[in-house]
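K.L.:
Please see the structure below; I have some questions.
The values are calculated or read from the model by the stated rules, or taken from the named source; none is laboratory data. Computed from a predicted model, the values in this text were never measured in an experiment. Positions of Cβ are generated from backbone atoms using ideal geometry, with glycine treated the same way; all protein chains shown enter the neighbour counts. We work out accessible area using only protein heavy atoms, side chains counted, and drop any ligands, DNA or RNA first. Shrake-Rupley method; radii C 1.70, N 1.55, O 1.52, S 1.80 Å.
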Amino acid sequence: MRYSKRWRRGSRHGAAEERFQSVRAATFGDIVTEVELAPSGRGFRTTRSFSKFVNIPELIALYSRVADTQTPEMLNLPRPKLKTGQVTVVEAELSQRELNMMDELVQRAEAIKGKRSEAGGDNMLKILGEGLRLATDIRLLDAQAPINPHGKTVAAVERIAQIWKEGTRPGLCQIVFLDMGVPNSKVGIKAQAAGDDEFAEDEDGNEAALPNEIGSSFNLYEDLRTRLVQKGIPRDEIAFIHEADNDIKKARLFSAVREAQVRILIGSTAKMGVGTNVQRQLVAMHHLDAPWRPADVEQRDGRILRQGNLNSEVEIIRYITLRSLDAYRWQTLTRKANFIAQLRAGARGVRTAEDIDSPLPEAAMIKAAATGNPLIIEHAELSKELRELEAAKRGQERSVLAAKSAYARLTSKIAAHETAIEGLGADAEQVRASETAAFLLTIGDRRFSERKAAGEALKAIVLSKAAPLGLGQPQKAALQARLRGFRLEAYVRSGANGLSYTIEIERERGYAKQESYLLSDEIDPAGLLRRFENCIKQVPAVLAAEEQELSKARADLPKLERQLTATGFARAERLNAVKARIMDIEKALQPSEHGAAKNSEGTALQADPPVNAARSSISSLAGLENSPQGQRAKIALLEAEFSETRARQNGRGRS
């Protein structure tokens, strides 16, 4: 919902709109303040965001009006499993030159803090884009720079070549996702000989990239292929999705991958999403960078974790550059993915969702690996354990509530069975006592000792009730008949298929046959009488079934009683310990107050132990362990000021 700047600046209508938005937000969620990595990837900041969503079923109902979600777990699709049960994370390191460039990015962020962005000037989005390129490969920023021997590119080439050498059918093929340094789309893709250093550019010196791709004058795709060829992989076994620029070429390329004629396919998220059916012999997938949306990550993973893959186990490898903006990007994915997971939890009947498992369970692990901060790594591990413990506790609480409800229903059911058995026992005894007695049917004052005459009398009464009936109207026959101590009764109905009747008997308990029988002048009187007699004979069987149900209910009662008398949560002590440790870590990571950061250098460095621990972690993350104390204090000050400036901008509705 949009509203004008005039409203946002405090008019009566704007205030009403803001109140409406606040009420709507409060209906479905709680907003809390949390500590997260700053966009620079070098420090921490506090942000306000939804952490607990409430009234999930109602939110799901709104969402379900326009969408229907089916997950692979719901459909139970046959898909390959991950080796070791989780995504493989390969950690890369920044070179000294790259660390220096990261420092420059931090300084640029400092220079623009609190200022309005100008056309053509520096801005946070530009800094973020350059930081992401730097985290992938320095040559995306400076094509003449030497390759980092400990960076993502070298690590990926080594891993891809190793898997290629070890490949055996059907595990022959690999797929590589890379949204940066894509082949130039304006001048066309030109095959480069092994060892070439020049790559194509468009007329502006920039790559023409899709919206999800980050352009660069450096063709990282071709560099990857060149290095893979140098590792002994035939050039014709490596292909780019960008080389297939129409549907016919794509179909041929996908077929070649399925048949393992092309064993390494490199492409971007935008070009290798839905419709990329190449999974047949895929054994490994490589993420050289991360997209922005959780849906894109799922689409990427879905290329290999897919029905039709002949491999029972596959490997998904994600390359993370430590102490870079990779951490911020994966953190963003985690935050976005949490809400999706909460909605899915709501679909299972959960009313609230807080800190539940992410659809990308490895995202928190990747974020922790990228920071290099042991406190954040511990926080990620403890947070996962906390979710599991709280889920177990909620499960126990739900079990106790369910047991109470089931116990009340079961005791009521037992009482009903006992009452019924009293009457059934007397009726069954009457059936057994009258088995050898002479036949005698009474209808009012009339007595019938012959079956034929008795049947004729019953038939006449039933037919007499059928004449005045309208369509769909039931009519009680009022037989006033008795047989073997049981009262007999019939009900006549008129339907689309004609007349029909049902029968009942009653003594201490009533018994009704569910079947209905056609009624006409041709019905057999003996058959009508026999139906009543058969109903009487079945009374002992009804008693036996009721006794069996009572016995089963009584057997279930002790189990429910044990659940009701169960002690508290068995792992409560561990749950409290995990919560306390998480609170301690979050305090240690909490940014220092603005006023305290402005104090003298000595004061800043003599802060309480938690603050010192946080600054030590930040310095380690930024690679400033050996910097002078004054520089370290300045970094803390800049981080605090930057967080406050961004918070003020967000409060005014600015981006």
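K.L.:
Enter the accessible area of residue 537 (Å², nearest 10), with the probe set to 1.4 Å and all protein chains included.
P.N.:
Residue 537 has an accessible surface of roughly 130 Å² with all protein chains in place.
K.L.:
A follow-up question, please. If we sort 398-410, 270-282 on the protection proxy, mean other Cβ atoms within 10 Å, highest first, what's the order?
P.N.:
270-282, 398-410
K.L.:
Ordering 81, 126 by accessible area with a probe of 1.4 Å, largest first, what comes out?
P.N.:
81, 126
K.L.:
Right, here's the next one. Not counting ligands, DNA or RNA, and with a 1.4 Å probe, what is residue 505's accessible surface area in Å² rounded to the nearest 10?
P.N.:
0 Å²
K.L.:
Could you report the accessible area of residue 124 in Å², rounded to 10, computed with a 1.4 Å probe on the protein chains as they sit in the structure?
P.N.:
Here the accessible area works out near 30 Å².
K.L.:
Explain nothing, just compute: Karplus ³J(HN,Hα) = 6.51 cos²θ - 1.76 cosθ + 1.60, θ = phi - 60°, for every residue of the range 378-384 in order, whole Hz, x for Gly and Pro.
P.N.:
Couplings: 5, 4, 5, 5, 5, 4, 5 Hz.
K.L.:
Students often check this: by mean Cβ neighbours within 10 Å, which of 139-151, 480-492 ranks highest, and how do the rest follow?
P.N.:
Output ranking for 139-151, 480-492: 480-492, 139-151.
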